[in-house]
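Written out below as structure tokens is the structure these notes cover.
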Amino acid sequence: VDETMSFQRTIIALGSVLLLAACSKQDARADTSAATPETAAAPATPGAPLTPAAGGRVIEVKMMTDEQGNNRYDPSTIEAKQGDVLRYTLVSGVHNVNFTVDKNVGKSGLPGPSALLQAPGQTYDIAVSFDPGEYTFQCDPHAALGMTGQLTVK
Ligand SMILES: [Cu+2]
């Protein structure tokens with residue numbers, strides 16, 4: 001009787017080990033497949049040049065400090081559709097772009113604030129991949145001086 005019991009225990013223990021091994025193998029496979037698309041979609045460097053989706057376009061938004069000393073985006077009102085690319089281009093001054101969370105309550109997929117652009121000609125690309133709706137963006141150092149913009153995503 002003792003021998004039978006111990007044999008049964010061995011079988012049960014062996015079964016558990018095999019089950020564990022099968023589970024951990026499956027987990028590892030699931031992790032790999034989940035991580036791959038995310039890695040591929042994320043640009044290597046935030047703001048790095050992007051290619052619009054098929055049928056999309058690049059929309060250039062100039063960032064400048066004009067002759068009168070006004071800090072502004074040109075244009076400051078933009079319409080875009082998902083798949084387009086917003087290309088913020090520094091013309092003069094030092095500026096950034098930040099889609100303000102407080103003015104975009106409830107919106108998902110907002111890009112984070114960009115770094116300050118300091119070299120004329122420098123660009124910062126943002127893929128229009130967020131929800132259709134109205135968005136507000138600003139230059140953080142000049143927001144109080146009115147350097148803000150509106151984006152409508154169709
Ligand atoms: Cu600015």
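The values are calculated or read from the model by the stated rules, or taken from the named source; none is laboratory data. Just so it is clear, the structure is predicted and the values come from calculations on it, not from any experiment. A quick note on method: Cβ atoms are made from the backbone with ideal geometry, for glycine too, and the neighbour counts reach across all protein chains shown. Just the protein is used for accessible areas: all its heavy atoms, side chains included, with ligands, DNA and RNA removed. Shrake-Rupley method; radii C 1.70, N 1.55, O 1.52, S 1.80 Å.
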Failed criterion for K154 (all others in (1) over 24 Å from K81 (Cβ atoms); (2) open to solvent by 30 Å² or more (accessible area, probe 1.4 Å); (3) of a type outside the set (V, I, T) hold): (1)
Meets criteria (within 23 Å of A144 (Cβ to Cβ) and open to solvent by 60 Å² or more (accessible area, probe 1.4 Å)) for K81: no
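Against the condition touching a strand residue (DSSP E or B) at 6+ places or on another chain (Cβ under 6 Å) and either modelled with pLDDT under 95 or open to solvent by 50 Å² or more (accessible area, probe 1.4 Å) (or both), how does P141 come out, does it pass? Break it down stepwise before answering.
Details: touching a strand residue (DSSP E or B) at 6+ places or on another chain (Cβ under 6 Å): no; either modelled with pLDDT under 95 or open to solvent by 50 Å² or more (accessible area, probe 1.4 Å) (or both): yes.
Considered against the rule, which asks whether it is touching a strand residue (DSSP E or B) at 6+ places or on another chain (Cβ under 6 Å) and either modelled with pLDDT under 95 or open to solvent by 50 Å² or more (accessible area, probe 1.4 Å) (or both), P141 comes out as no.
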Residue in the range 47-58 that is open to solvent by less than 60 Å² (accessible area, probe 1.4 Å), modelled with pLDDT under 95 and either within 15 Å of T136 (Cβ to Cβ) or not basic (K, R) (or both) present: no
Residue list for the range 106-120, filter: open to solvent by 40 Å² or more (accessible area, probe 1.4 Å) and either in contact (Cβ under 8 Å) with a residue 60 or more places away in the chain or over 12 Å from Y88 (Cβ atoms) (or both): G106, K107, S108, G109, L110, G112, A115, Q118, A119, P120
Among the residues listed as S114, S108, S129, the single one being within 16 Å of the ligand (Cβ to nearest atom), of a type in the set (S, T, N, Q) and assigned to a loop (DSSP other than H, G, I, E, B): S114
Residue under evaluation R72, criteria (1) outside any strand (DSSP E or B); (2) within 11 Å of the ligand (Cβ to nearest atom), criterion not met: (1)
Residues (open to solvent by less than 60 Å² (accessible area, probe 1.4 Å), away from the ligand (no atom under 16 Å from the Cβ) and in contact with a Lys or Arg (Cβ under 9 Å, 6 or more places away or on another chain)) located in the range 84-105: D84, V85
